[in-house]
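S.K.: After the structure tokens below, expect a handful of questions from me.
Derivation of every value follows stated rules applied to the coordinates shown; laboratory data play no part. Note that the structure is predicted; figures quoted are calculated from it, not measured. Glycine gets a Cβ as well: all are built from the backbone with ideal geometry, and neighbour counts include every protein chain shown.
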């Protein structure tokens with residue numbers, strides 16, 4: 001038996017998420033667990049599993065002293081850091097239910113979650129979060145204690161206090177034992193809520209453990225792998241696949257300093273495993289594309305040649321095309337071009353998993369063609385979250401892969417993908433009506449996504465049931481697919497297609513500010529004058545660009561009207577969810593007069 005297999009902890013052995021940590025501590029107490037950047041020393045610091053255990057013991061004693069009862073809800077709003085893990089494990093060990101919050105979420109949304117879940121204890125990153133949140137809380141909130149991690153030493157009013165005053169470290173405490181049932185509720189994760197209020201997804205210990213364990217049978221993770229954690233741990237994908245899964249395998253997790261420092265962190269830490277969302281790869285692709293475009297013709301040619309041959313070579317290795325003599329060029333092209341692209345990911349990346357949304361085909365092809373092992377997966381918060389993922393040996397990048405072991409799927413009459421899985425949620429918190437709508441009487445969870453299953457068993461997501469637009473002539477289009485095609489051009493930062501019940505499609509577009517300056521100069525427009533965005537020559541240019549980008553779509557999927565803006569849709573202005581998904585209904589509501597103008601004639 002290999003060392004990696006002896007270090008592995010099964011879901012059955014763990015039983016609970018706290019049991020998972022205890023098993024890991026017993027197996028490899030002195031092995032490195034977490035790497036974190038210390039602002040004081042300006043250096044990366046390593047924490048062993050035994051170091052983590054001592055910190056968790058401190059948190060256990062402090063939480064225990066708060067008089068909380070098993071089943072009470074406790075929330076945390078931190079950026080990714082070791083304290084996220086310490087708090088989560090200590091809370092779970094006491095039978096408490098953790099409610100993770102998104103660091104960038106709006107105060108009114110956070111207040112709703114805290115009050116909907118009757119949260120009694122809250123851990124925050126800094127006092128600014130508390131000052132923003134307080135005005136949104138109603139007088140009947142249940143918060144009994146608010147702990148603030150950063151020690152700014154400003155005066156705080158009860159129930160708030162600073163972490164270093166609350167967490168007592170004057171005595172060495174042993175880890176507490178807690179006999180939790182595997183099917184017991186472990187966490188409530190509030191979905192982003194692209195329409196209406198967010199719903200609290202209830203996940204048990206078994207839900208999460210079963211999915212993490214099954215995922216490891218789809219792609220191999222080794223005990224010497226290093227994960228770089230930068231997606232918010234409040235995101236279910238990062239929490240299951242970037243926190244609990246590495247604990248199963250004994251892999252290290254390094255916490256990025258944040259998105260602004262992500263590129264530097266990747267270079268310094270050189271991760272071998274990466275969990276990401278498509279937007280990360282899209283941004284790297286756009287920077288890469290801009291850089292290559294400015295290079296001499298022969299370098300542009302070499303880049304294109306490497307991409308094309310590399311993609312063909314990938315298909316050959318996947319047994320989907322024949323060998324070609326041109327593959328003999330790969331060692332040279334790899335050294336001249338592909339290695340430089342791989343270096344953007346640290347040069348040691350063994351596997352990268354992307355999920356949360358569909359990755360554009362051209363982005364996947366570029367990175368795979370350059371030798372990045374990029375695997376697309378699919379899932380929902382309601383399924384803990386993984387439903388399917390590709391594998392290194394059977395990777396169809398346009399698909400979301402095969403279902404992971406123990407997950408059953410079927411396609412309903414309306415093409416909706418239905419799922420039965422040990423990861424299926426217990427239900428929505430205090431929302432039986434929504435639960436009944438999502439999980440039917442036979443136990444099938446309705447994903448809301450339309451899908452097709454190929455002869456090879458790969459799942460292809462084809463659209464959202466609710467997001468399909470039906471034109472006045474009865475033709476149907478998927479706005480999400482068109483929006484993805486449009487934003488593949490770096491000029492277009494964000495896009496939203498409208499036209500339900502109308503004779504043609506229109507678009508609301510947010511332009512990339514830097515690219516707008518370049519285009520305005522080309523069209524001899526004043527980029528500083530907001531009226532330039534309504535210039536007819538600009539509008540015609542944009543619509544021509546749409547025709548190029550949408551050439552693979554049906555003839556009726558043409559955009560005839562467009563509104564251009566430089567004001568992005570953000571979490572702060574209420575147009576994006578904390579997971580960066582567009583709030584379609586909110587944007588349409590805020591732009592009703594513009595949309596009405598598209599169709600006045």
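S.K.: Quick one: go through region 449-467 and flag any residue whose amide nitrogen is under 12 Å from the point 7 Å out along the Cα-to-Cβ line of residue 581.
M.R.: It comes to 449, 464-467, nothing else.
S.K.: Need one word for region 469-598: rounded, prolate or oblate. Basis is the Cα gyration tensor (sqrt eigenvalues a ≥ b ≥ c); a/c below 1.5 gives rounded, then a/b vs b/c decides.
M.R.: oblate
S.K.: Where a ≥ b ≥ c are the square roots of the eigenvalues of the C-alpha gyration tensor, would you call region 494-534 rounded, which needs a/c under 1.5, or, failing that, prolate if a/b is larger than b/c, or oblate?
M.R.: Since a/c reaches 1.5 and a/b is larger than b/c, the shape of region 494-534 is classed as prolate.
S.K.: A further question follows. By per-residue mean of other Cβ atoms within 10 Å, what is the highest-first order of 258-267, 571-580?
M.R.: Packing order, densest peptide first, comes out as 571-580, 258-267.
S.K.: Neighbouring Cβ atoms within 10 Å as the yardstick, rank 171, 411, 459 fewest first.
M.R.: In order of increasing Cβ crowding within 10 Å: 171, 411, 459.
S.K.: A further question follows. Based on the mean of other beta carbon atoms within 10 Å per residue, what is the order of 30-37, 434-441, most packed first?
M.R.: My ranking of the peptides, most packed first, is 30-37, 434-441.
S.K.: How far apart, in nm, are the 7 Å Cα→Cβ label points at residue 224 and residue 547?
M.R.: Label-label distance for residue 224 and residue 547, simple model: 5.7 nm.
S.K.: What number, in percent, do you get for the relative contact order of the chain if the mean sequence gap of Cα pairs under 8 Å and at least 6 apart is divided by its residue count?
M.R.: 11 percent
S.K.: What distance in nm separates the two pseudo spin-label positions at residue 44 and residue 330, each 7 Å out from Cα along the beta-carbon direction?
M.R.: For the pair residue 44/residue 330, the computed spacing is 3.0 nm.
S.K.: If r is the Cβ-Cβ distance from residue 413 to residue 69 and R0 is 56 Å, what FRET efficiency results, to the nearest 0.05?
M.R.: The value I calculate is 0.75.
S.K.: Which order, highest average first, do 385-394, 516-525 follow once you tally other Cβ atoms within 10 Å for each residue and take the mean per peptide?
M.R.: Put in order of decreasing packing, that is 385-394, 516-525.
S.K.: Next question. Run the simple label-point estimate for residue 555 and residue 184 please: 7 Å along Cα→C-beta, distance reported in nm.
M.R.: Between residue 555 and residue 184, the simple spin-label model gives 6.5 nm.
S.K.: Is the shape of region 196-246 rounded, prolate or oblate, going by the alpha carbon gyration tensor and its root eigenvalues a ≥ b ≥ c, with a/c under 1.5 for rounded and a/b larger than b/c for prolate?
M.R.: The shape class here is oblate.
S.K.: Multiply the residue gap between residue 153 and residue 460 by 0.36 nm, knock off their C-alpha separation, and tell me the result in nm, one decimal place.
M.R.: Length difference between fully extended and current span is 105.2 nm.
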